[in-house]
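The values are calculated or read from the model by the stated rules, or taken from the named source; none is laboratory data. Because the structure is a prediction, the values reported are computed rather than measured. Cβ atoms come from the backbone with ideal geometry, glycine included; neighbour counts cover every protein chain shown.
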Amino acid sequence: MAAFTIGGVINVDKARGPTSHDVVDVVRQALGIRRVGHAGTLDPAARGVLPILFGRVTRLARFFVGYKKEYRAVIKLGAETSSGDEEGEVVYERAVPADTYGALAAVARSFVGEIVQRVPTFSAVKHRGEPLYRKARRGDAVAAPSRTVSVYRLEVIDVTPPTFTALVECGGGTYVRALARDIGRKLGVGAHVVDLVRLAVGPFVLGQALPQSRLQEADLDAVLCPPHFTHAAALLPELPAVRLSAAGVTAAVQGRPVPVPEPLSPGGAVRLLSDDGGLVGVGVATAGGQVKPDTILVKAEELGDS
């Protein structure tokens, strides 16, 4: 199979300043291909883990949505800004009483669990097809939507007035800037993020990420090598896998259900592997002991190139 065409994931340490889409453009230039995307937007002012998908692996982007994300945030008390970080205008400011810091840890913990969060006005969430941040920059009055998000951990690990540092573990769609805003409101003093680093997205961790600057400096072999590069066959390790015979691969590529040797939970996603371990695609287990192909990465004419 044409491994480069099928693609993989590059774990990039995004620098502060560029947008996530800017990084996608850099990878397009570095690899010389158009089919590139990212798994999970990272704010321009933030740095850290940004998984970049390329080739046909971009078809699997939806499977990355549920990955847990981890952040380290430095949050300043005493002022709320329009953007939730230092780039926005101050909309509320107040002196921070000394006893506020004693209540900080408990207030932070109160946001752990399934919570309703209002999306920041300055965000990439779209309203009628246009990102909210564009409307906000024009001064348009737009009510940001609220949604239910999951926060698994929100721990204060350091307090250096007027700032504190927190470790956050959360589900997809959670805004750390909104958590900082809401903590500040609950404390009655306002708050905003002054530094944000994404430490992990599922199995992709900062310690194994490729600095964004090296995308343009390194040659292709240096970009597509471990530990920052994960080839298609090693992706989605949390899903059960079924190794197919040559006939099974052909059936899957043609969209026909394939039998599995042992029962799987109906409706669950399943990785379909070729006999040599290559990723053919992802299917859905059925009640009849089969897997129905769902997202296939291999073309019929490539089956001889395996």
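A few comments on the model shown:
- Residues being farther than 19 Å from L196 by Cα, within 11 Å of the chain's Cα centre (by Cα) and either of a type in the set (D, E, K, R) or part of a strand (DSSP E or B) (or both) - total across the stretch 54-79: 1
- Subset of the stretch 175-190 (residues that are of a type outside the set (D, E, K, R) and either in a helix (DSSP H, G or I) or surrounded by 24 or more Cβ atoms within 10 Å (Cβ to Cβ) (or both)): V176, A178, L179, A180, I183, G184, L187
- Conditions (1) modelled with pLDDT under 95; (2) closer than 11 Å to V249 by Cα; (3) not charged (D, E, K, R); number of the one not met by G281: (1)
- Filter result for V193 (outside any helix (DSSP H, G or I), in the same structural domain as E155 (by TED's automatic domain parsing) and surrounded by 21 or more Cβ atoms within 10 Å (Cβ to Cβ)): yes
- V119 being in contact with a strand residue (DSSP E or B) (Cβ under 8 Å, 6 or more places away or on another chain), surrounded by 12 or more Cβ atoms within 10 Å (Cβ to Cβ) and modelled with pLDDT of 95 or more: no
- Against the numbered list (1) in contact with a strand residue (DSSP E or B) (Cβ under 6 Å, 6 or more places away or on another chain); (2) crowded, with 21+ Cβ neighbours inside 10 Å; (3) within 24 Å of V280 (Cα to Cα); (4) not acidic (D, E), L42 comes up short only at (3).
- Residues that are surrounded by 23 or more Cβ atoms within 10 Å (Cβ to Cβ) and either out of contact with any Phe, Trp or Tyr (no Cβ under 6 Å at 6 or more places or on another chain) or farther than 18 Å from G8 by Cα (or both) within the stretch 47-56 comprise G48, L50, I52, L53, F54, listed in sequence order.
- Only one of the numbered conditions (1) modelled with pLDDT under 90; (2) surrounded by 14 or more Cβ atoms within 10 Å (Cβ to Cβ); (3) touching a helix residue (DSSP H, G or I) at 6+ places or on another chain (Cβ under 9 Å) is violated by L210, and that is (1).
- Among residues of the stretch 97-113, those that are assigned to a loop (DSSP other than H, G, I, E, B), under 19 Å from L154 (Cβ atoms) and out of contact with any helix residue (DSSP H, G or I) (no Cβ under 8 Å at 6 or more places or on another chain), counted: 1
- Contact map, the stretch 162-175: first residue on the phi > 0 side of the Ramachandran plot, second residue assigned to a strand (DSSP E or B) and among the charged types (D, E, K, R), Cβ cut-off under 7 Å, separation 6 or more or different chains; pairs are G173/R147.
- Where a residue in the stretch 38-55 is over 21 Å from H231 (Cα atoms) and its partner, wherever it lies, is among the hydrophobic types (A, V, I, L, M, F, W, C) and surrounded by fewer than 23 Cβ atoms within 10 Å (Cβ to Cβ), with Cβ under 6 Å and at least six apart: T41/A124; R47/A15; R47/V197
- Checked against the criterion of being polar (S, T, N, Q), in contact (Cβ under 8 Å) with a residue 12 or more places away in the chain and assigned to a helix (DSSP H, G or I), the stretch 211-222 has at least one qualifying residue.
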